[in-house]
1. Give all pairs with beta carbons closer than 6 Å in which a residue from the stretch 40-60 that is farther than 11 Å from His28 by Cα and of a type in the set (S, T, N, Q) meets a residue that is surrounded by 14 or more Cβ atoms within 10 Å (Cβ to Cβ) and modelled with pLDDT of 95 or more; count only pairs at least 6 apart in sequence or on separate chains.
2. Of all residues in the stretch 24-39, count the ones that are open to solvent by less than 90 Å² (accessible area, probe 1.4 Å), without any contact (Cβ under 8 Å) to a residue 24 or more places away in the chain and not β-branched (Val, Ile, Thr).
3. Restricting attention to the stretch 1-18, report how many residues are in contact with a Phe, Trp or Tyr (Cβ under 7 Å, 6 or more places away or on another chain) and either open to solvent by 50 Å² or more (accessible area, probe 1.4 Å) or touching a residue at least 60 places away in the same chain (Cβ under 8 Å) (or both).
Amino acid sequence: MKHKFKIGDHVTWNSEAGHVSGTITKIHTNNFDYKGYKHHAAEDDPQYEIKSDKTDHVAVHKDSALSKISK
């Protein structure tokens, strides 16, 4: 299945601190544990790991929370 985003895509999402941008580093297509939480993912509903542009923070989001932007 083709995913909405791919590794290396530059994306933005809304966080408590406002809009954040980063680069997708990994795509999860199975359930996984991250920072003590179980995240649910499937081939047709993946979750994406994104490294923030401004910090070393890594966020995990579904594609519905992300928008692709150009660098």
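1. These pairs meet every condition: Ser52/Gly22.
2. So the answer is 4.
3. 1
The values are calculated or read from the model by the stated rules, or taken from the named source; none is laboratory data. As the structure is a computational prediction, the values presented were derived from the model and not from experiment. Here the Cβ is made from the backbone with ideal geometry for all residues, glycine too, and neighbour counts use every protein chain on show. Just the protein is used for accessible areas: all its heavy atoms, side chains included, with ligands, DNA and RNA removed. Shrake-Rupley method; radii C 1.70, N 1.55, O 1.52, S 1.80 Å.
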